[in-house]
Amino acid sequence: MTTRALLSRQYIKAPVVWAMLQQLAALGLAVLLAYLFSLSIGLTIITAALLAGMIAWHSDLPRWWLPLQLAFWPALAYLHYLALPPLVYLGGLLILLAVYGSVVFAGVPLFLSSDRATAAVAGLLPAHRDFRFLDVGAGAGGLLAQLDRQFRFGLFEGVERAPLPFVIGWIRSKLRGAQFRIRFENLWQTDLSRYDVVYAYLSPAPMLRLWDKVQREMRPGSLFISNTFVVPGEAPDQSIELHDLSRSTLYVWRI
């Protein structure tokens, strides 16, 4: 199978897309059952939730999606019962889009690197020479801020497309003593050839495409580090178990 075909399959199989389709399928079946057996609205909602949970259990969705699938229709019904002003829903939607909009458009949620991940990354960086470091999903800049304080010779930069995390990271970068920089930029438009180390904590969806970009642009001898998510079919040169709450692993490739 070609790289392009694999990429297409990854985007089509993005968890958020499958979760939405499963909820619609569960609702359709619940409405059909309600029509056939004259179920009340309450029973129809419960049926939709149980069907969504059953479909999620037998699908390829990660197990942590199961409670979300079960709770979706009851939560929606409860919000309707509360009869909150429309502006509350609009504000909530805008906040969610500002933080998690990239999940829908790029299949990449907001993940925060743990302190152990930061310490492990720091152990891979040169301590006594200049280098350039890029975080291709910088979020609110937590990893960059910690590394920036530890390394005198490093130049730390990050790119982020989610508006609210970017604003928080940008403000953090302007605080007294901070030297790192964060840009509101699409990682696919970022030139990786300028960096000695590239760090990613994204999702399975973009890894093949990112690996192709890494191979085309990064210089020989540079490092590509991925937190948690592997490149399909590409064995890393080094794996570092973090033993943090997420039981994450750092995967390291030397170009």
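The values are calculated or read from the model by the stated rules, or taken from the named source; none is laboratory data. What you see is a predicted model, and the numbers here were worked out from it, not measured in a lab. Glycine gets a Cβ as well: all are built from the backbone with ideal geometry, and neighbour counts include every protein chain shown.
Brief remarks follow.
- If you check A71, A48 for being at pLDDT 90 or above, farther than 22 Å from A205 by Cβ and within 24 Å of the chain's Cα centre (by Cα), only one passes: A71.
- L66 being aliphatic (A, V, I, L, M), in a helix (DSSP H, G or I) and touching a Gly at 6+ places or on another chain (Cβ under 8 Å): yes
- Inter-residue pairs, beta-carbon under 8 Å, first within 11 Å of Q22 (Cβ to Cβ) and of a type in the set (D, E) and in region 42-71, second in a loop (DSSP other than H, G, I, E, B) and modelled with pLDDT of 90 or more, 6+ apart: none
- Residue ID - farthest from the chain's Cα centre (by Cα), chosen from residues in region 163-188 that are hydrophobic (A, V, I, L, M, F, W, C), closer than 21 Å to L202 by Cβ and in a helix (DSSP H, G or I): W170
Per-residue answers, yes or no, for (1) surrounded by fewer than 19 Cβ atoms within 10 Å (Cβ to Cβ); (2) at pLDDT 95 or above:
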residue: P165; (1), (2): no, no
residue: F184; (1), (2): yes, no
residue: S203; (1), (2): no, no
residue: R209; (1), (2): yes, no
residue: S226; (1), (2): no, yes
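- Test: V108 is among the β-branched types (V, I, T) and at pLDDT below 95: yes
- Hey, L134 in contact (Cβ under 8 Å) with a residue 60 or more places away in the chain, surrounded by fewer than 22 Cβ atoms within 10 Å (Cβ to Cβ) and either assigned by TED's automatic domain parsing to the domain that holds Y195 or not in a helix (DSSP H, G or I) (or both) or not: no
- L175 more than 29 Å from L76 (Cβ to Cβ) and either in contact with a Pro (Cβ under 9 Å, 6 or more places away or on another chain) or at pLDDT 90 or above (or both): no
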